Amino acid sequence: MQSESRRRRFLAVTMASTLSPWWMMAAVAPAHAGEKDLSLAPITVSATRAKTSEGETPQKVTVITREQIERQQQFTQDRGQILNNLIPGYSPGRQKLTNSGETFRGREALIMVDGVPQSNPLRDSARDGYTIDLDMVERIEVIHGASAEHGLGATGGIINYVTRRPESGQLNQHAGVQMTTDDGVHGEGTGYKLNYRVSGQQGDWDYQTGATLHERGLFYDGKGRTVGIDEISGEVQDSTSYDVFTKVGHWLDSEQNVELSVNHFNLESNNDYVAVPGDRSQGTPTTSREGTPVGDAPFNRSTTANLAYSHSDWHGNQVDTQLYYQRFRAQFGTHPTAFPYEDEDGNDRLDQTRTESDKVGAKFTFTREGMIDDRLDLTTGVDLLQDETQQMLVQTGRTYVPESQLHNVAAFLQADFAVTDALSVHSGVRYEYAQLNVESYNTIDRSDVTQDLVQVDGGSPDFNETLFNVGAVYQVTPGFQVFGNLSEGFGLPDAGRALRGIDQPNQDVDSLVQLVPIVTDNREIGVRFKGPNYRFEASYYESNSDIGERLTQEGTTFVGKREKVEIQGVDVNAEWDLNEAHTLELLYAFNQGESDTDGDGRVDTDLTGFNVAPERLTLKWQALWGERFSTQLQGSHNFNDTNEDQSNPNLRHFRGYTLVDAAMSYRLPVGKASLGIENLLDEDYITYYSQTARDGANQFFAGRGRTFTLGYEVDF
């Protein structure tokens, strides 16, 4: 069970701070036709379908601004690390191309770009973290906890990347360059990033286009050793990526706008290094040496097109519609034991897999505000999704996961009612219908790819769920707010994992219990304080599912276990403005959970590091030293832990670590220069995932050591 000290800390924090930060922000709002000057307006959160303002929601919501993203990018480009640094409840980043094991409040997050889901519900490739470059992102909207507002997948929360908007003026250009190296300044450890953007407005049109090129070098750990290459799941080190983004908008009149955006992202391994096995018993991590891995290079390729239309006053209603398409390809490396085959010359070879997913969807949202003496707002709409996914064997062209097609239709109604000037109630209902279509197929015998193991009859299982949410916000005083929320999230288990893993004959898709959907209940209470120079928010949450999904490692593969899961946790944010130039910030996160492994209906076994994150405390200091010079110093400590319920003794003990990052920037007469130092103290550590979730000599990865990033950017 969980260590007793860990439980005591959890109870102490829960009693001391049952509650979370909100502070109103300002964001640039697009001008209507004929009004080309952009103005400041209170920020609204587009990830909430009713577009509620931050700080007015019954559920914890965080908006990460462009300024916060840029401060993190001064010393790291790693998505998982950035999210972990900015969001309590998000687990430590893997520092790999895969985000498998990066959970949010112990569950999966639905990642979106402008409301377009990046996750693949039929075959979770855990690659949805790298589908757009952060230089194309204006802000990140985060809904903490299970939510059904955007349909499938948000059992742990929603992370919505909102892309940049056009700037005022006819022509605005931006160029930037970054150089990154380890503290030993090794040639193979050096990388660079180039970015260019142009945007503007002319008449009733506005536009934004940009491109990035990112060459990443090899990583080095705190002792100067090369960080091990993950040859199977894929890497961000020793890789090349580029992103091309375009957005064009047109104001039909002062109330109607149509906008088309297209983004293409590609990240591919350079395939210059192979892994050198480590030794867990000696504490020696996996490293890398020069060499060419077997097979073709792993990659992520994503192309997304998004067409949006809005009308601010259609018979008194706000109308928002969205049509989108995404083509996603995720190629993995060659597994050392799986998928052997003979080539045309009779040579023994190993195959590799590629997930292929194509999504088409639409969202229709109607909002009516100001009813019943300006106390009631209603939002309703319909969401449509079709997802076609399969997993192929690259070299032989065989099908590993059969082509599966998901049809999903959902209708929802959300009401926000101001009972009094101080009390508001928020409630809603969403009806989900999903159907999975799979033709009859033969599974592949991993031991000999030339033979089929089991024939499985196809089927078209369908599911329907009615999901509810209800919450309230009470403004006790102008600076003190209490909130509470009950919400449900809806998701499918990894259907592809279940379909490819059938090893018993005489089965059909319709009868597979593994395809029963996951419904997660999220309960949360919290408080928000806001004063003239401080902001504080804290919340306590419980996340329960009667039939959840827990991944466990069996041999060289992961298997999904359908079990009852219960998770509890605490999130805390705090900010204190010491004066106009200096700000302190605190983040604290704790979660723990158990699952029902014996099927008796009661949870009995602690969740492992594959699900829950370590207890964490993060402190930040931001300072302005005059009009030109600014600095940021942040430190994050992950606490030690022991999980005696972990069946693998190699993964029971987590040795915590502390990471300190620093950055400074100086505004020059032309442009701005910056210097960032990741892992300032050169901490030598093994990543949380490698310590607690994945065994194996080739999976014992150290974290990145001290790294320098020098940057320059200019607007013209």
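The values are calculated or read from the model by the stated rules, or taken from the named source; none is laboratory data. Note that the structure is predicted; figures quoted are calculated from it, not measured. Backbone-built Cβ (ideal geometry, glycine too); neighbour counts: all protein chains shown. Note: accessible area is taken over every heavy atom of the protein model, side chains too, but ligands, DNA and RNA are not part of it. Shrake-Rupley method; radii C 1.70, N 1.55, O 1.52, S 1.80 Å.
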Accessible area per residue, Å², the stretch 568-716 with all protein chains present, probe 1.4 Å: 43 Å²
Length released on extending from residue 547 to residue 372, taking residue separation times 0.36 nm less the Cα-Cα span: 58.9 nm
Cα Rg over Rh - the stretch 51-148, Kirkwood: 0.93
Dipole magnitude of the stretch 261-391 about its Cα centre (Cβ charges: Lys, Arg +1; Asp, Glu -1), debye to nearest 20: 300 debye
Cα gyration tensor, the stretch 141-188 - rounded (a/c under 1.5), prolate or oblate: oblate
Accessible solvent surface per residue of the stretch 140-259, calculated while the other protein chains remain in place, 1.4 angstrom probe, Å²: 33 Å²
For the chain, with +1 on Lys and Arg beta carbons and -1 on Asp and Glu, the positive-most of 540, 496, 689 along the dipole: 540
The chain, accessible surface, carbon-and-sulfur percent (1.4 angstrom probe): 53 percent
Gyration tensor verdict on the stretch 274-314 (Cα atoms; rounded if a/c is under 1.5, prolate if a/b is larger than b/c, oblate otherwise): oblate
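Using a Förster distance of 25 Å, how high is the FRET efficiency between residue 708 and residue 292, based on the Cβ-Cβ distance and rounded to 0.05? Spell out each step's value before the answer.
On the way: r = 29 Å, r/R0 = 1.16.
Computed FRET efficiency for residue 708 and residue 292 comes out at 0.30.
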Distance (nanometres) between label positions extended 7 Å along Cα→Cβ at residue 442 and residue 668: 6.4 nm
Set of lysines near residue 51 by C-alpha distance (under 24 Å), chain-local residues within fewer than 8 positions excluded: 36, 60, 247, 363, 530
Heavy atoms of residue 144: accessible area, 1.4 Å probe, square angstrom to 10: 0 Å²
Cα-based shape type of the stretch 370-459, given that a ≥ b ≥ c are square roots of the gyration tensor eigenvalues and the cut on a/c is 1.5: prolate
Hits among lysines - C-alpha to C-alpha of residue 672 under 24 Å, sequence gap 8 or more where chains match: 193, 620
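Roughly how big is the chain's charge dipole about its Cα centre, with Cβ charges of +1 (Lys, Arg) and -1 (Asp, Glu), in debye to the nearest 20? Write down the numbers at each step before the final one.
Details: 61 positive and 105 negative charges, 343 e Å.
Value, rounded to 20: 1640 debye.
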Label-point separation, residue 579 to residue 183 (7 Å along Cα→Cβ), nm: 3.2 nm
Average accessible surface area per residue within the stretch 351-489, 1.4 Å rolling probe, Å²: 44 Å²
Kirkwood hydrodynamic radius of the chain, from inverse mean 1/r over distinct Cα pairs, in Å: 26.3 Å
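Between residue 175 and residue 623, what FRET efficiency follows from the Cβ-Cβ distance if R0 is 25 Å, with the result rounded to 0.05?
Working: r = 27 Å, r/R0 = 1.08.
My answer for the efficiency is 0.40.
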